[in-house]
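Participant: Following this message is one structure expressed as structure tokens.
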Amino acid sequence: MSKILLIFKNSILRNKLTLFLALGTAALMILVFYWQINADGTVYAADTISVGVIDNDNSALSEDLRGYLENSLGMEIVTEDYDFLSTLLIDRKLSAIIEVPHEFENAMISGNPGQLEITTLDDYENSAFIEAYLNSYMRGISVISQAADGNAEAFSEMLTSQSTPNTITLAETNSQTDRRVKTADAYNMSFGFMLMMISGITVFISNQILVDRQLGTFSRMKCSSLKSSEYVVGISLFGILCCTAANLLFNLSAYSAGEEMPVPLLLALGINELFMLFSVGLAVLFALLVNNQRALMTVGVGYATIGSMLGGAWFPIDIEFGFVGSIAKIFPQYWLMETLREYSGDPDYNILPNILIIALAAVLVYLISAVIFTRKNAHNG
């Protein structure tokens, strides 16, 4: 144990820059995260939708409909004649014109509901949105109509009792949703870039092992009490220290922002730590397979960038990508980012298979490194 600590301390002295780079990377990603969540722009083009209403019924039910649109959904209501509203619609100052037919309330009471006429332009999204909410409203009124069973007084009483305005308007809901989406996107983007940077930083760990190979350190271990396993563990612990420091600094700072984060803190820390264990093991493997520093740098940086891109660290890799989508699943980055993205949209998402894949990848890379290291030692002996 003392020899492992000795190698560990020696690695810190030899690679102070690596530790500072890891912390600097985390700090940079924190700035990116905060910049993204506070950047201008929203997911929704506008918080308020303006609609024109032509009320040909002037009944309690048509008044309730206007209250539903204005108070519960936060829409802006414009009540004018059809010509005026048509001009506003053509000028795109309105999203739709809703026309309430004559005898609208009486038809609902009698159980033969009339249809609301909706006029929109080519804005499919707003049209579908408005129609969906109006259909929802009409289904609710139909339930009241059936319960009233043709009794106008009972219908009026039930209509009044259910017409309490919603205290959360559509604008407020959109604003809250927009903030959650921006936070999730900012976290996923900065997290993905940090994966790439950390993968690149582990090249310095590979370089230390390669330099020791070239200087004959492995051969001299045969004549000392230091075991080769102690040497590898000591250097790996240094790599894990660098990655863990970056992991803690980034996530604790991001989660202290007071935003609604896409995944629990422990999940973010734990799954990132698993990936970093894999990255350190891969760094050891690269150092054992590559024989010169230039090639090592090419392989390490190439994996950090291309592996992160193909693994979906910067953008989701879906099955529609075909062959690329299949290749992406080779990289642990894919399973890590898949966990973050899927869990943020569905808290019931089963994360266990993804975590097991990353953990098994880490175990596999360390086992392969151990076999190669043992064979090289035996060959040198």
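Just so it is clear, none of the values below were taken in a lab; they were calculated from the coordinates. The model shown is predicted, which means the values in this text are computed figures rather than measured ones. Every residue, glycine as well, gets a Cβ built from its backbone with ideal geometry; the counts of neighbours run over all protein chains shown.
Participant: Using the Karplus curve 6.51 cos²θ - 1.76 cosθ + 1.60 with θ = phi - 60°, what ³J(HN,Hα) values do you get for each residue of segment 336-349, in whole Hz, with x for Gly and Pro?
Facilitator: Karplus values, whole Hz, x for Gly and Pro: 5, 5, 4, 4, 4, 6, 6, 5, 5, x, 8, x, 8, 4.
Participant: If you plug each phi of segment 182-194 into the Karplus form 6.51 cos²θ - 1.76 cosθ + 1.60 with θ = phi - 60°, what whole-Hz ³J(HN,Hα) values come out, in order, with x for Gly and Pro?
Facilitator: So the Karplus estimates, Gly and Pro as x, are 5, 5, 5, 5, 5, 5, 4, 5, 5, 5, x, 5, 5 Hz.
Participant: Provide the net charge surrounding Tyr349, with neighbours chosen by a C-beta distance below 13 Å and charges set as Lys +1, Arg +1, Asp -1, Glu -1.
Facilitator: On the way: positive: Arg341; negative: Glu338, Glu342, Asp346, Asp348.
My count for the surroundings of Tyr349 gives -3.
Participant: From a point 7 Å beyond the Cα of Leu23 in the direction of its Cβ, which residues of segment 237-253 have a backbone N at a distance under 17 Å?
Facilitator: Answer for segment 237-253: 238-253.
Participant: To the nearest 20 debye, what is the magnitude of the charge dipole of segment 277-357 about its Cα centre, counting +1 on the Cβ of each Lys and Arg and -1 on the Cβ of each Asp and Glu?
Facilitator: 480 debye
Participant: Taking 22 Å as R0, compute the FRET efficiency from the Cβ-Cβ separation of Asn71 and Ser161 and round it to 0.05.
Facilitator: Plugging the Cβ-Cβ distance into 1/(1 + (r/R0)^6) gives 0.90.
Participant: Oh, and also: List the residues whose amide H sits under 5 Å from the amide H of Ser50, counting only those 5 or more places along or on another chain, with H placed 1.01 Å from N in the peptide plane.
Facilitator: Those lying under 5 Å, H to H, from Ser50 are Glu76, Ser95.
Participant: Quick check: net charge around Asp81, other residues with Cβ under 12 Å of its Cβ, Lys/Arg +1 and Asp/Glu -1?
Facilitator: In short, -4.
Participant: Ranking request for peptides 279-288, 265-274: highest mean number of other beta-carbon atoms within 10 Å first, then the rest in descending order.
Facilitator: In decreasing order of mean packing, 279-288, 265-274 become 279-288, 265-274.
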